[in-house]
Amino acid sequence: MIYRETGQFRTSYAEDQAIFRLRQDKIGIAVILAIAWVGIPLLADEYLLRAILIPFLILSVGAIGLNLLLGYCGQISLGTGAFMAIGAYAAYNLALRVPALPLLLDFFLAGLIAAAVGVLFGLPSLRIKGLYLAVATLAAQFFADWAFLRVPWFTNYTPSGSVTAPALDFFGWVVDTPLEKYWLCLAFACLTAILAKNLVRSRIGRSWMAIRDMDIAAEIIGIRPMTAKLSAFAVSSFVAGGAGVLWAFVHLGSWEPLAFSIDMSFRLLFMVIIGGMGSILGSFLGAAFITVLPIFLNQAPALVGIQLSTAMVSHLEFMIFGALIVLFLIWEPHGLARLWQIGKEKMRLWPFPY
Amino acid sequence: MRFQLRASILAGGAAIALLSAQPPAVAESIFYPHLVYRSGAYAPNGIPFANGVADYVAMINARDGGVGGVKIELEECETGYATDRGVECYERLKTKGPGAIAFSPLSTGITFALTEKVPIDKIPLQTMGYGRSESADGRVFQWNFPLLGTYWSAADILIQHVAKVSGGLKGKKITLVYHDSPYGKEPIPVLQDHAQKHGYIFEAIPVTHPGVEQKAAWLKIRQTRPDFVFLWGWGVMNSTAIKEAVAVGYPRNQMYGVWWAAAEPDVRPAGEDAKGYQGLALHPAGADYPVHKDILKYVYDAGKGAGKREEVGEVLYNRGVIDAMLKLEAVRTAQKLTGKKVVNGADVRLGYENLELTAERIKELGFEGLVTPLKVSCRDHEGARKARIHQWDGQKWVFVSDWIEADTSYLRPKVEAAAAAYAKEKNITPATCP
């Protein structure tokens, strides 16, 4: 009744090609953006911003990066953590060694460096597919772990191997309060989401999806697998590198290579799988599931007044979280984004389903 | 499906509402946040430490009604030794009650991350026997308190000891087997410096987290046959290292662990084979000190103990007790200095800087023999830098050396240089000390 396209006519190609074609969708996204940009800053306290929303937004960006590669181009990667690390350390070294560059340009160049390394490790994808490719990208992860632990130049010869990000100064605007950091991350997340959404609707995104659905057929209709696959690796690594920069500079402030270990790659992979492969919305939903849910589970017993030992809570958190992952994958193998889509279909028929 | 959707939306809304809800401030109590790890690869070492802290605080609440007449409210938060969860815990606990008094993350990685945050939030960071070594310079690291000794002090003490027992280190080989993280890397600069001074051959072998795979490291040790192996491990890495040493036939009495690699959970899994293994001791083990009697009387007899009764007095348990005692002494000093009963982080920092434990005070607290006197100052946030060597005899730890003090004349300039470099990088103006 509420969510229905009846009576909404599209009279131009531009309208027909819009991302959000339904009036209800447009209102919905406007409300969400208003809440994110104005509502949350007015209501949220420091804990919510710094411990939950900022990591959630940054990992959403990372999940979008991986989703472009895995969900849209069908190339499995276990090296997202590595590309994040490359972005983070590239930005750190650029800020340290070329202080003349503005920070925003550092971030951009760091993304490009991550993209270049991504292309390099994407080369095996031209020959191998599926799980074998996953193993090949694992090499990227181990290479990054090794390089940042063993090559002291990358960490500026600090004895402990832990490096500290410089102050976030964007042309005189120093980002230091939680709220400013939140807005910065939100800006990056919105920008990435719009770019990614438009990219996958464009020629290049369609070529990725053709490769994903059937690479031989795609090749026959004139799509060059090399360009398509390597561009997917490049864009994905660029976005992941950007997420790495944010994770290091905005969220952690000081970090060691362990922050971008294989655990990070797996977490991002789970986000994409649980959120929904081939969906930008799914990247956000997956990131919320993986980052916010464990923290919520950890605090839930205390909030409802049940006193449990810290160890018990922590073990329960692992068990419930694991069970939920399994359950979600059984209920809806296509992820949370698909659930949302089903919900929308139901809403169209509500209240008279047939 | 519709029901599920609605339920999940409701659950999500409730989650956000609950997460943002703040409990009302409790009057007349101070808030003691405690970052612990009772699960994961480091739990065998994290649990006794956490129990020590919890029991000591419970004892003070039961015996004295808190510190300075104010109840202490302790809340634990599980970090699992992971930096991002540690940061989340810190954010969660820092504003609770009248504000957190101080944090002790028991993880070098979390310490590094929090070092950036505590000056802004004005909460001291007590890192007893760990943390950034250069944070001993209180002029730059105004909010860090690496009490009782840093890793640089630890490395210096170990070298002093082995130089003494082997009668000179010229031409000797020393190998460091370290946890490949900021924690394990901390002692390397000092060990390298000493290698030049004493003329020994130094080699460092990293072990990746969590440290259950060390075959390669120990095969290398079998080849090179170093005179001494220093172990800078934590959690399962320590017991694995001792087992691997047995496997390659490396004598345990030539192995020395740092104080985090010389406790019961490290040697017990290796059984009889661990006999002879030595390590640094910040303090003795054992439960026959007056403070333990009070803990057993007020906490365990009341059935409120955090752990098992027989685990009271283990090395890491005692370290937890000392950690809590130092923090509460800083609170007491802060109460005295500010005249306030309920103190916050900024007050407690003042308390730390003026913290002085005299022999009489230690006796009063029931810690005689457990800790040595210490005096923290604006310039020196370490307070004391002494340790003894103890050896595992198969049943218990036995001291094999007297207290050894780290060489300040060598370490202090090094600390100041590193701190100055940090200050320059972060644009910090060092405080002027009287």
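The values are calculated or read from the model by the stated rules, or taken from the named source; none is laboratory data. Remember, predicted model here, so these are calculated numbers, not experimental data. Don't worry about glycine lacking a Cβ; one is built from the backbone with ideal geometry, like all the others, and counts go over all protein chains shown.
Remarks
- Residue in segment A:275-283 that is within 12 Å of chain B (Cβ to nearest Cβ) and out of contact with any strand residue (DSSP E or B) (no Cβ under 6 Å at 6 or more places or on another chain) present: no
- Of all residues making up segment B:67-121, the number that are under 30 Å from B:Asp180 (Cα atoms), away from chain A (no Cβ under 13 Å) and among the small types (Gly, Ala, Ser): 2
- Selection status of B:Ile188, touching a Pro at 6+ places or on another chain (Cβ under 8 Å), within 13 Å of chain A (Cβ to nearest Cβ), free of Cβ contacts under 8 Å to residues at least 24 places away in the same chain and more than 29 Å from B:Val321 (Cβ to Cβ): yes
- Residue check for A:Phe352: of a type outside the set (Ser, Thr, Tyr), surrounded by fewer than 18 Cβ atoms within 10 Å (Cβ to Cβ), under 16 Å from the mean Cα position of the chain (by Cα) and more than 13 Å from every other protein chain (Cβ to nearest Cβ): no
- Unmet requirement for A:Asp263, which otherwise passes all of (1) closer than 24 Å to A:Leu94 by Cβ; (2) in a helix (DSSP H, G or I); (3) of a type outside the set (Lys, Arg); (4) more than 14 Å from the chain's Cα centre (by Cα): (1)
- A single entry from B:Glu368, B:Glu364 fulfils the requirement of being among the acidic types (Asp, Glu), surrounded by fewer than 17 Cβ atoms within 10 Å (Cβ to Cβ) and touching a residue at least 60 places away in the same chain (Cβ under 8 Å): B:Glu368.
- Residue satisfying condition, being within 14 Å of chain B (Cβ to nearest Cβ) and either closer than 30 Å to A:Arg348 by Cβ or at pLDDT below 95 (or both), within set A:Leu96, A:Leu68: A:Leu96
- Pairs where the first residue, in segment B:402-428, is away from chain A (no Cβ under 13 Å) and the second is of a type in the set (Ser, Thr, Tyr), C-beta under 7 Å, 6+ apart: B:Trp403/B:Thr372; B:Ala406/B:Ser153; B:Leu411/B:Ser153
- Meeting the requirement of 3 or more residues that are closer than 30 Å to A:Leu179 by Cβ and without any contact (Cβ under 8 Å) to a residue 12 or more places away in the chain, the helices (runs of 4 or more DSSP H) wholly within segment A:1-55 are A:23-34.
Condition check ((1) in contact with a helix residue (DSSP H, G or I) (Cβ under 7 Å, 6 or more places away or on another chain); (2) in a loop (DSSP other than H, G, I, E, B)) across all residues:
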residue: B:Asp273; (1), (2): yes, no
residue: B:Leu280; (1), (2): yes, no
residue: B:Pro284; (1), (2): no, yes
residue: B:Val299; (1), (2): yes, no
residue: B:Gly307; (1), (2): yes, yes
residue: B:Glu310; (1), (2): no, no
residue: B:Leu316; (1), (2): yes, no
residue: B:Val321; (1), (2): yes, no
residue: B:Met325; (1), (2): yes, no
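- Taking segment A:132-153 as the range and being surrounded by fewer than 20 Cβ atoms within 10 Å (Cβ to Cβ) and closer than 19 Å to B:Glu425 by Cβ as the test, the residues that pass are A:Pro152, A:Trp153.
- Restricting the first member to segment A:291-308 and to residues that are facing another protein chain (nearest Cβ under 8 Å), and the second to residues that are surrounded by fewer than 15 Cβ atoms within 10 Å (Cβ to Cβ), the beta-carbon pairs closer than 6 Å and six or more apart or on different chains are A:Leu303/B:Leu18.
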